[in-house]
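**Q** Provided herewith is a single structure, encoded as structure tokens, for subsequent inquiry.
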């Protein structure tokens, strides 16, 4: 006597829809894994590059400012020396001590001005030397970063080129598959996907176990009946009858070559 086919239920339809969705997500995860940490690495390198470029700009601006300050100090010295020479000549022509002392005070003022300018020049030269060394070091690091970035971008571009068509198709299929899952189950599925490290929110019952844990006999019976949604008591994934799981996955592989 032929075995009667199991009558499908709404729950069974939902289970199949969840398996389809999980199968698509598994393949999307594989593609993301191929890309690995490349996108994050590239973002980090780009952030570092932007920071170094800002730092380089600041160094260069400060060098220019210090060069201007140095030139101004040199002009101040030249002007002060000219005034000192002028005042010393005037001292030879004064008629009294009061005029001589006044000129002496002017000379002392210009000498202080020269001392301050010389200090400014010394500080400017030190800053310029320090910043120019930092500029050279920063430029070298930027060159290294550009090389690494080019390599990483090229590597990522190759992966994207190899998988972008498939990923686009998968995203469209995922949208269709998600529409066939009830909103309550889809929310639960999405939460499980976010929480579980491997992203497997739907797993098959194999040899009395699922997700690495033994499933009690009574729960196994419930799972095989396909009339209720059963979740793993330990880790949370939805457990599906292995036959249903394999049938659904095989159908998708044949139909979509995934």
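**Q** Select, from 130, 190, the only residue that is in the same structural domain as residue 239 (by TED's automatic domain parsing) and free of Cβ contacts under 8 Å to residues at least 40 places away in the same chain.
**A** Answer to the selection: 190.
**Q** Now, a different point. Under 7 Å by Cβ, and 6 or more places apart or on different chains, what pairs join a residue from the range 10-37 that is within 12 Å of residue 182 (Cβ to Cβ) and in the same structural domain as residue 242 (by TED's automatic domain parsing) with one that is outside any helix (DSSP H, G or I) and modelled with pLDDT of 85 or more?
**A** Here the result reads 14/181; 14/182; 17/180; 17/181; 18/181; 18/202; 21/181, each pair linking the range 10-37 to a residue that is outside any helix (DSSP H, G or I) and modelled with pLDDT of 85 or more.
**Q** Give me the residue from the range 193-208 that is assigned to a helix (DSSP H, G or I) and in contact (Cβ under 8 Å) with a residue 12 or more places away in the chain and, out of that set, surrounded by the fewest Cβ atoms within 10 Å (Cβ to Cβ).
**A** Across the range 193-208, the extreme among qualifying residues is 195.
**Q** Sticking with this one: Looking at the range 214-232, which of its residues are within 43 Å of the chain's Cα centre (by Cα), more than 21 Å from residue 10 (Cβ to Cβ) and surrounded by 13 or more Cβ atoms within 10 Å (Cβ to Cβ)?
**A** 215, 232
**Q** Test residue 33 against the criterion of being at pLDDT below 95, at negative phi and surrounded by fewer than 13 Cβ atoms within 10 Å (Cβ to Cβ), and give yes or no.
**A** It is true that residue 33 is at pLDDT below 95, at negative phi and surrounded by fewer than 13 Cβ atoms within 10 Å (Cβ to Cβ).
The values are calculated or read from the model by the stated rules, or taken from the named source; none is laboratory data. Worth saying up front: this structure is predicted, and the values here are computed from it rather than measured. Glycine gets a Cβ as well: all are built from the backbone with ideal geometry, and neighbour counts include every protein chain shown.
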